[in-house]
Amino acid sequence: MSSITAAIARFPRMSTVLAVRNMVHDRVRLVVTLIGIVFAVVLIGVQLGLFIGFARTTSSLIDHAGADLWIMAPGTRNIDQSAAISERKLFQALAVPGIQEAAKLITEFTLFKRPDGGNETVIVVGFDPAQGLGAPWQVAEGDVKNLAYAGTVMIDELYREKLGVTRIGQIVEIGGRRAQVVGFTRGIRSFTQSPYVFASFASALDYSRIRSDQTKYVLCRLVPGADAAAMRKALSERLGDVEVLTSGEFSRRTQFYWMFTTGAGLALLVAALMGLAVGVVVVSQTLYATTIDHLPEFGTLRAIGASSRYLYGVIIRQAVLSALAGYGIGLGVTLAIIRASRNGGTAILLPGELAAGLLALTLVMCVGAAAISIRKVTRLDPAMVFK
Amino acid sequence: MTSARSSLEIVPPGPVVSLRGVGKTYGAGKTALRALAAIDLDIAAGEVTILMGPSGSGKTTLLSIIGCILRPTAGEVRLLGQEVAEENEAARSALRLAHIGFIFQGYNLFPTLSARQNVELALDLKGLGGRARRRRADELLEQVGLGDKGDAYPADLSGGQKQRVAIARALAGEPSLILADEPTAALDLQTGRRIMMLFADLAHRLHRGVVVVTHDSRILDLADRVVTLEDGRIIRDIALPRESAPAAPLDASLLRRRRSRETDLKELVAS
Ligand SMILES: Nc1ncnc2c1ncn2[C@@H]1O[C@H](COP(=O)(O)OP(=O)(O)OP(=O)(O)O)[C@@H](O)[C@H]1O
Ligand SMILES: [Mg+2]
């Protein structure tokens, strides 16, 4: 097998050799082509990475809450803005067979006064420390257990500066109530301008002035092996006047709300599409110019009996080779940008699927851009060789 | 895929190419232009046939029809006994690849490929790959006297050397028929004559059919036959007996070979 690869490397198809030579023959054009592809790859990669990063940020609370089902006020569109429901739903839910545990959770926009007196808005997340459903999932400093004490809060280290908090023990004011910072979470971003701050359910009620017999959500964990869809149906029938969603459904609904009803996601997708358009235009132009430059050679190939497939082969190889080279460089640049932004306020995520999708998109973009060149050579009259 | 050693195939007896009543009109209606009319022509293997005639007389058109590049608007073309005028583009392309080698006035080499790679490209088209492809390319370059120029690029070669590379490339497919349009026009007399001698050698020793379009009367003596066109018609078709050739085989062309070589040449040059 390796000897076959070695033979291919030493004796490649001549169409490959010709494609490579035609491409590197004009260095300036090669550079322009690669810049075009790299630009497109980076723009698409960063925009889609931002899109995925934002989308995951919007639903991170849901995705990490550890619940299978969420009970909420009907018509809730995202986790951050919802109406309250009666806490009786918790007990009703617990009475339904198949529910292993359930806990209340609130999220509420609330005023936050920094230790230095400045004002910010935060989203208070109140969870039940005894259950752990909805607890902060990454802790940098301090202990989640300490949130069980009344009048405590944990904030994320990303927002130390914004919230003016530098160390454990500092006193802030949330919703007009004194709160002591007992720890820092790590990398728990909020999609809105208002950071998430974690507190016990009881403290959060206090901070947010929500009536003590109310909650925003009831989070349910099912017994192992229970069918989430069936349980969801059973719960909504039993509880009435609430909406029950699986964790995945609520996650997608929240993502959709923030990404599309606010226009943020659309802007990112449009920017990515523009990257794609720029890539297609640049690559098709340079590839076409290369084809035109080498048209007499394509004519000669035609005359000496090369099949149409052989001619496309040369052009498609040029497109694929440009795509691979441009993608390689573009991915490197994208990863560097992601690394540089890691500690900033925005998350750019490039999961393996996106990287693979981007490669496929780059290949499609370049091969698609080869279309006009292919049209040109297939219409070539072999009689041109005698002109 | 045809083997690169198709010369070992048995070529059917008779002419390599045979044209009957071939005509070619470019365009249609008022702008129609009749480039060829009523051409009957047989090209034999083992001979160098020169096509002459004034500019615009239809030489290139005729060569293109012989080479399955252009379709005639009238008449029949048989290549190795097979009717080809009605074949579709893909089939004609395959026929060119299998049977015909082309040589052009401007050499038409691939400037980004070395001499060896230029020949290898033609071998690649024939499906030959790997080490065998490289070895065969070197053999072919050797055959045209460029054994040491395999790594040179066209830009570094003289006109004559470039044309030799082009000939090596044309020979890659082991063609029964070699067609050249003004192959010596860009070369000086000596170089041009050497190229013509190479053609004569290919025809006589390797038994290929060779057709050369030329304006150059100084190389006529290297032909076996000179066909002259005027206004799209053949006005003269003269066979030149080979000077030191063994007795010509007894066939129909014997009659034409009677006239003395000198008389024929003088007449041709004068015309
Ligand atoms: N593609 C074409 N379309 C229209 N007319 C053409 C075309 N090709 C050739 N002709 C015309 O056909 C006639 C024969 O042309 P051809 O090229 O065969 O002549 P030629 O003998 O090769 O001339 P030259 O010695 O100048 O190369 C000329 O009048 C030419 O203008
Ligand atoms: Mg001509």
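The values are calculated or read from the model by the stated rules, or taken from the named source; none is laboratory data. Everything numeric here is computed off the predicted structure, so don't read it as measured data. We place every Cβ from the backbone using ideal geometry, glycine too, and count neighbours over all the protein chains shown. Note: areas computed on protein heavy atoms with side chains; ligands, DNA, RNA excluded. Shrake-Rupley method; radii C 1.70, N 1.55, O 1.52, S 1.80 Å.
Some notes on this structure:
- Convex hull volume per residue for the range A:74-241, taking Cα atoms only, in Å³: 114
- Pairwise centroid distance, computed over Cα atoms, of the range A:25-88 with the range B:43-65, Å: 70
- Ranked from largest to smallest solvent-accessible area, with a 1.4 Å probe on the protein heavy atoms, B:I219, A:I292, A:I35 come out as A:I35, A:I292, B:I219.
- Unsatisfied cross-links (Cα-Cα over 23 Å) in the set A:K162/A:K216; A:K89/A:K145; A:K104/A:K145; A:K387/B:K162: A:K162/A:K216; A:K89/A:K145
- Relative contact order (percent, whole number), the range A:74-241, Cα cutoff 8 Å, 6+ residue spacing: 32
- For the protein assembly as shown, share of DSSP beta bridges that run antiparallel, in % to the nearest 5: 65
- Per-residue [θ]222 nm for chain A (sum of -39500 (n - 2.57) over DSSP H runs n ≥ 4, rounded to 500): -16500 deg cm²/dmol
- Directionally averaged projected area (convex hull, Cα atoms, the range A:153-205), nm²: 3.6
- Reachable aspartates and glutamates, given that their alpha-carbon falls under 16 Å from the alpha-carbon of A:K233 and they are not under 8 places away in the same chain: A:D68, A:D241, A:E243, A:E249
- If only the Cβ of Lys and Arg carry +1 and only the Cβ of Asp and Glu carry -1, the dipole of the range B:63-139 around its Cα centre is close to 420 debye.
- In terms of its C-alpha gyration tensor, the range B:8-72 has a prolate overall shape, because the principal axis ratio a/c (a ≥ b ≥ c, square roots of the eigenvalues) is not below 1.5 and a/b outweighs b/c.
- Kirkwood Rh, angstrom, chain A [1 / mean 1/r, Cα pairs]: 24.6
- In this simple spin-label model, placing a label point 7 Å from the Cα along the Cα-to-Cβ direction at both A:R186 and A:A9 gives a separation of 4.1 nm.
- For the range A:313-387 versus the range B:168-196, the inter-centroid distance based on Cα atoms is 42 Å.
- Per-selection Kirkwood Rh - the protein assembly as shown (Cα, Å, 1 d.p.): 31.3
- Prolate/oblate/rounded call for the range A:293-387, Cα gyration tensor, a/c under 1.5 rounded: prolate
- Model label zone, A:V96; criterion: amide N under 11 Å from point 7 Å along Cα-to-beta-carbon; scope the range A:226-262: A:228-246
- Cut-off 11 Å between beta-carbons: net charge of the residues surrounding A:T110, Lys and Arg +1, Asp and Glu -1: -1
- Debye equation applied to the C-alpha atoms of the range A:1-147, log10 I(q)/I(0) at 0.11, 0.17, 0.18 Å⁻¹: -0.68, -1.19, -1.27
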